[in-house]
Amino acid sequence: MGFLDKYTGKLRSYKAVYVLHNLINYKKLQHNKLLYRQFQLDKSIFGPISSEQLAQLPPQPSPWLDRPTALQELQQSKKLSTFPEHIQQQLKAWPEQGYLILQKFFSDEIADTINSEIDRLLQQHEVGFNYTNKKIMFAFKHSEALKNVLYTPELLQILQFILGRQVIPFQTINFLKGSEQKAHSDSIHMTTYPLGNLLAAWIALEDTTLENGALFYYPGSHTLPYVLSKDFDSGSTTFRIGDNAYKKYEHKIESVIQEQQLQKKNFFAKKGDVFIWHANLLHGGNPVLNPQLTRKSMVIHYYAKDVICYHDITQRPAHFDTYPKAELRMFDED
Ligand SMILES: O=C(O)CCC(=O)C(=O)O
């Protein structure tokens, strides 16, 4: 684990620390040279990058299922009919709902393999909990079995259909207990330019209930304006990240939920179920009512290829160990 993964102190708030981190990891940022040029972003790949700067660039098209023509285009898509009927139904609901549920997508055997891999990696100290004490980040980098899950062809086909382009697994987060994370959109953690080019696939590694902190979400919330650092008083300055910027974000999202009177839903998952959500769908983890219980899960975040990816609050560009060069098309687009 890197220094910043565990560290919770004051240095986290200085942008210069991230610039240094970027310089040390310069190889993981090379893909941005081309992307910055392509999107006419005139800045160093090592410097901070923010939604405020990107908002000054020319507007870019949204992913196809985020456009007003999405339903029409879906009806006309030849590719849609290649999915099983129950997945077709869910894909048709995507533009309105912003999520889909794949029941028993992974077998118990695969879920058990993921659980035992995580136990093994923890025991061998190859992975650990990060500064939140709840999240095991990037475990897939240490396990071929986990990597195979990320690259499950049927899953990639659905994700690539939704975004209409190739996707790249960026990170995994494994939880042993409920996250209790407040409502948020992943776009504050993994922002893209153009917006909307991220998907999450959350896998239940055991059944979830209110007792062990089931996932919750707000159907349709992905169609609301994105809330990024420029949209609330984050307190950030040229040199520093604002104190409690993330807490302030959570308050802002709470006020959006109240103003829009969004209706919360819980996802009571069965082991092996997969929940795929849109980059801007508000979601989180319910409070854990019985702290003795585990709630094992793994979420995989996929970015679309060839978009700018960064963390908006800390203004850090995303690091990729290897960025795919060639288009590895999983299917022919219509
Ligand atoms: O697993 C959970 O409870 C929430 C996970 C989550 O919010 C996320 O990965 O963005």
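The values are calculated or read from the model by the stated rules, or taken from the named source; none is laboratory data. What you are looking at is a predicted structure, and each value in this text was computed from that prediction instead of being measured. When we count neighbours, we look across all protein chains shown, and the Cβ atoms used for this are built from the backbone with ideal geometry, even at glycine. Keep in mind that these areas ignore ligands, DNA and RNA; they rest on the heavy atoms of the full protein, side chains included. Shrake-Rupley method; radii C 1.70, N 1.55, O 1.52, S 1.80 Å.
Structural remarks
- All conditions but one from (1) touching a helix residue (DSSP H, G or I) at 6+ places or on another chain (Cβ under 9 Å); (2) within 12 Å of the ligand (Cβ to nearest atom) apply to Ser297; the one that does not is (1).
- When the range 95-133 is filtered for residues that are touching a strand residue (DSSP E or B) at 6+ places or on another chain (Cβ under 7 Å) and open to solvent by 70 Å² or more (accessible area, probe 1.4 Å), nothing remains.
- Residues in the range 230-263 that are among the acidic types (Asp, Glu) and within 24 Å of Tyr218 (Cβ to Cβ): Asp231, Asp233, Glu250, Glu254, Glu259.
- Test: residue in the range 121-141 that is within 16 Å of the ligand (Cβ to nearest atom), among the charged types (D, E, K, R), assigned to a loop (DSSP other than H, G, I, E, B) and closer than 30 Å to Ala245 by Cα: yes
- Single residue of the range 151-165 satisfying the filter (touching a Leu at 6+ places or on another chain (Cβ under 9 Å) and open to solvent by less than 20 Å² (accessible area, probe 1.4 Å)) that is farthest from the ligand (Cβ to nearest atom): Phe161
- Applying the condition of being among the charged types (D, E, K, R) and within 11 Å of Lys270 (Cβ to Cβ) to the range 199-218 and asking which residue is farthest from the ligand (Cβ to nearest atom) yields Asp207.
- Inter-residue pairs, beta-carbon under 7 Å, first of a type outside the set (Gly, Ala, Ser) and in the range 110-129, second open to solvent by 60 Å² or more (accessible area, probe 1.4 Å), 6+ apart: Leu121/His142; Glu126/His142; Val127/His142
- Scanning the range 166-183 for residues that are within 11 Å of the ligand (Cβ to nearest atom), open to solvent by 10 Å² or more (accessible area, probe 1.4 Å) and in contact with a helix residue (DSSP H, G or I) (Cβ under 7 Å, 6 or more places away or on another chain) turns up just one, Lys182.
- Scanning the range 302-321 for residues that are surrounded by fewer than 20 Cβ atoms within 10 Å (Cβ to Cβ) and within 14 Å of the ligand (Cβ to nearest atom) turns up just one, His311.
- Odd one out for Leu228 among (1) open to solvent by 10 Å² or more (accessible area, probe 1.4 Å); (2) under 22 Å from the mean Cα position of the chain (by Cα); (3) over 30 Å from Phe105 (Cβ atoms); (4) not hydroxyl-bearing (Ser, Thr, Tyr): (1)
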